[in-house]
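The values are calculated or read from the model by the stated rules, or taken from the named source; none is laboratory data. Not measured: the values here are computed from a predicted model. Heads up, the Cβs are rebuilt from the backbone with ideal geometry, glycines too, and the neighbour counts pull from every protein chain shown. Heavy atoms of the whole protein, side chains included, go into the accessibility calculation; ligands, DNA and RNA do not. Shrake-Rupley method; radii C 1.70, N 1.55, O 1.52, S 1.80 Å.
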Amino acid sequence: MDNSGEQRKTNVEYEEVTIESNHVPIVLSIWRNRKEDSCIVFLPGTATHPLFYEAFLHSLAENRFNVIGVHPVCHGKSPRVKKLFSFDEIVQNGKDAVTYALENFNKNVIVMGSSQGGIVAIALAGQDDRIQAVFPHNILIPEVSDSIVVTRFPGFLQKNYKFCIHLMNRLAKMFPKLPVPVSIYLDLKKVSSDKKIIQQFYNDPIGFMSYPLYFLSSLFSADLSSIQDGSIKCPVIVLAAKGDPLFPEAYTRQIYDMIKAPYKELMLFDENVHLLLNESLSHVLSPIVNKLNSIGVSFFNQP
């Protein structure tokens, strides 16, 4: 890694590879630099894929990082080979991408994710000691009743939050394949106020706008106790926007305070968008790259 902290541009090669994860094929988008350059494994947000964040990921690669974007099971360019998949399977997709990074690059592997991918990233950090640092954009602990503020469900359900999750789990056992449009549980106007971006969600030929109820049940019931119990052995750098309409700052701070890690930091950007890595790229790229480099200098070079 370049220890100078400077952002040096480099030529980037792009390729796609297919690996096996959970006994099914998934695709990895790879922006390749030198083998000795640190590697970022990136996990995308709800219903999307790494190419939705192509400008951001390519920019990271231009600053001398190898970047591996994970197309989770049945997402993006990964084959639609399963009707049902779970949150834990997507976490395993990330773990298998880390393995690929270690086998094809080096041990300096950082995991990053956005929105739902941020939740996957920090969950993965609690399970995989091979990760050198984790940069989740947005964090959430499903068992915390205040998590309802991220959904479009009415606030009065917060008092009965656990019952609502229990009911969802019961329904998922009865109707696991029931498709639930993303717009049912997320307010897309909070995801983005840009009509072109919302239309991009709907028009994306390799995206989809619904999840099986089985997946949503697994997401809202996911065990993320590792965030609080000391299982995370690497630095945690949480990325967030002060005015994120979907993940309120107060909620982000509440979950941040629960994180137990050897080092943690909240990078709070003065932005008013949820899609921080898309809509505010010109403002956030340089600070993120500098932080990636400083984390590398501090931790990768330890004896």
Of those in the range 64-79 that are open to solvent by 10 Å² or more (accessible area, probe 1.4 Å) and modelled with pLDDT of 95 or more, the residue farthest from Ser280 (Cα to Cα) is Pro79
Answer from Ile197, Ile206 - the residue that is surrounded by 16 or more Cβ atoms within 10 Å (Cβ to Cβ), touching a residue at least 40 places away in the same chain (Cβ under 8 Å) and of a type in the set (A, V, I, L, M) = Ile197
Given the conditions (1) open to solvent by 10 Å² or more (accessible area, probe 1.4 Å); (2) touching a Gly at 6+ places or on another chain (Cβ under 9 Å); (3) under 18 Å from Asn93 (Cα atoms), which single one is not true for Leu28?
-> (1)
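From the list Ser218, Ser280, Ser226, Ser231, pick out the single residue that is touching a helix residue (DSSP H, G or I) at 6+ places or on another chain (Cβ under 6 Å) and surrounded by 15 or more Cβ atoms within 10 Å (Cβ to Cβ).
Numbers: Ser280 fails: touching a helix residue (DSSP H, G or I) at 6+ places or on another chain (Cβ under 6 Å); Ser226 fails: touching a helix residue (DSSP H, G or I) at 6+ places or on another chain (Cβ under 6 Å); Ser231 fails: touching a helix residue (DSSP H, G or I) at 6+ places or on another chain (Cβ under 6 Å).
Answer to the check: Ser218.
Return the residue satisfying two criteria in turn: it lies in the range 31-52 and is of a type in the set (Phe, Trp, Tyr) and open to solvent by less than 10 Å² (accessible area, probe 1.4 Å), and of such residues it is farthest from Leu275 (Cα to Cα).
Only one residue tops the list, namely Trp31.
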